[in-house]
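A short worksheet on the structure shown next.
The values are calculated or read from the model by the stated rules, or taken from the named source; none is laboratory data. Small disclaimer: the values here were computed from a predicted structure and weren't measured. Note: ideal-geometry Cβ built from the backbone for every residue, glycine included; neighbour counts use all protein chains shown.
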Amino acid sequence: MQYTERSPILLWEIPWIKYFETPFALVHIYKCVIGIEGRYSHQRIVVLAILHFLLDKILPLAKVRLIMEENTIPRLSRLTAILTQLQSKKIVTAPALAEKFEVSIRTIYRDIRALEKSGVPIVVEEGKGYTLMDGYQLPPIMFSEQEANALITAEQLIQKNKDASFVHHYKGAILKIKALLKDSQKEKTNLLTDRIYFRDNYENHRTSDYLMNIQSAITSFEVLEINYTSLQNKESTRCIEPFALYSTQENWLLIAYCRLRKAFRAFRIDHIKEVKRTFEHFDSHNMTLLEYFQKYYEKYQDTPDTPLS
């Protein structure tokens, strides 16, 4: 399979594929598949449909944001969303799409051409807009009953999480997945939703709202400036290099290299009062989370959250 600079999706350099091999392998496959031409183009439609689903629906659940060049993720998501709009409406106009996605009409024209080149049969009705060829439909993604139940169980568990941004984005992701379920599955999942309850955090307190922003900084190696209040109630402003996240006793902990202390520190996210992006990037620390734990234990004979910064 070949792809060139004339491919609908521009070439993306991916030297970081080694860090997140599964997600980025999907991106690499996507680039290759979208450039297929000739007698295999009908098979490409099915493969692209599956890849669109994996990239736009499943990956957000992994709480990993792909490290790509600027605008790569927005465009991929927009292409998928445009395809959804075309499927759900009889006629879609370029100005309406441009307004919805906050891009120029010329960008929409390029997106439509990209979808056409990838094999999507888009019909242009002069003076009206775009529509899909009659009878065209993406193949549905099917979940088994056990898989659907697992998603609903995870939904109820995440509802109890104390980070508002995490709960908000998961709700959006699970809503999209629920739309793919068969009617009979929807009835069962709705029933199961009312029959599962987690007693942890029963009042649904939200003590932080920065988890998603921190995750983005981790995967893009971006320095953050935080206003932090320690367990001793001392306030400070830190520039940190986010490294990893883990959860213990209902609290999210951020492991980061603190430029103020010139060492790795653990920060409770619910004690972070403000997060500011610096748009400054740092070099990877070239260390896995397991290696960090091992080094920390060898040095302090304790877990990284004791003591906290």
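Observations
- One residue stands out among those in the stretch 141-162 that are closer than 14 Å to K178 by Cα and assigned to a loop (DSSP other than H, G, I, E, B): the one that is modelled with the lowest pLDDT, which is I141.
- Look at the stretch 156-167: where a residue is outside the structural domain of T248 (by TED's automatic domain parsing) and a partner is of a type in the set (D, E), sitting 6+ places away or on another chain with Cβ atoms under 8 Å, you get K160/D200; K162/E250; K162/D270; D163/D209; A164/D209; S165/D209.
- Given (1) in a strand (DSSP E or B); (2) at positive phi, index of the condition N233 fails: (1)
- Residues located in the stretch 108-128, provided they are touching a helix residue (DSSP H, G or I) at 6+ places or on another chain (Cβ under 7 Å) and free of Cβ contacts under 8 Å to residues at least 60 places away in the same chain: I108, Y109, D111, I122
- Residues (closer than 12 Å to A148 by Cα, within 24 Å of the chain's Cα centre (by Cα) and in contact (Cβ under 8 Å) with a residue 40 or more places away in the chain) located in the stretch 175-191: I177, L180, T189
- Hey, T153 surrounded by fewer than 16 Cβ atoms within 10 Å (Cβ to Cβ) and β-branched (V, I, T) or not: yes
- Filtered residues of the stretch 91-104 (kept if surrounded by fewer than 14 Cβ atoms within 10 Å (Cβ to Cβ) and out of contact with any strand residue (DSSP E or B) (no Cβ under 6 Å at 6 or more places or on another chain)): P95, E99, E102, S104
- The condition (being in contact with a helix residue (DSSP H, G or I) (Cβ under 9 Å, 6 or more places away or on another chain), of a type outside the set (F, W, Y) and exposed (fewer than 14 other Cβ atoms within 10 Å of the Cβ)) is satisfied by just one residue among D183, D200: D200.
- Residues located in the stretch 111-170, provided they are of a type in the set (A, V, I, L, M, F, W, C) and farther than 30 Å from I196 by Cβ: I112, A114, L115, V120, I122, V123, V124, L132, M133, L138
- Any chance L138 is modelled with pLDDT under 85, out of contact with any helix residue (DSSP H, G or I) (no Cβ under 7 Å at 6 or more places or on another chain), surrounded by 15 or more Cβ atoms within 10 Å (Cβ to Cβ) and not in a helix (DSSP H, G or I): no
- Exactly one residue among L211, L260 is within 30 Å of K299 (Cα to Cα), surrounded by 13 or more Cβ atoms within 10 Å (Cβ to Cβ), within 20 Å of the chain's Cα centre (by Cα) and aliphatic (A, V, I, L, M), and that residue is L211.
- Scanning the stretch 184-203 for residues that are assigned to a helix (DSSP H, G or I) and of a type in the set (S, T, Y) yields S184, T189, T193.
- For the residues A94, A114, the requirement of being closer than 18 Å to R75 by Cβ, at pLDDT below 90 and not polar (S, T, N, Q) singles out A114.
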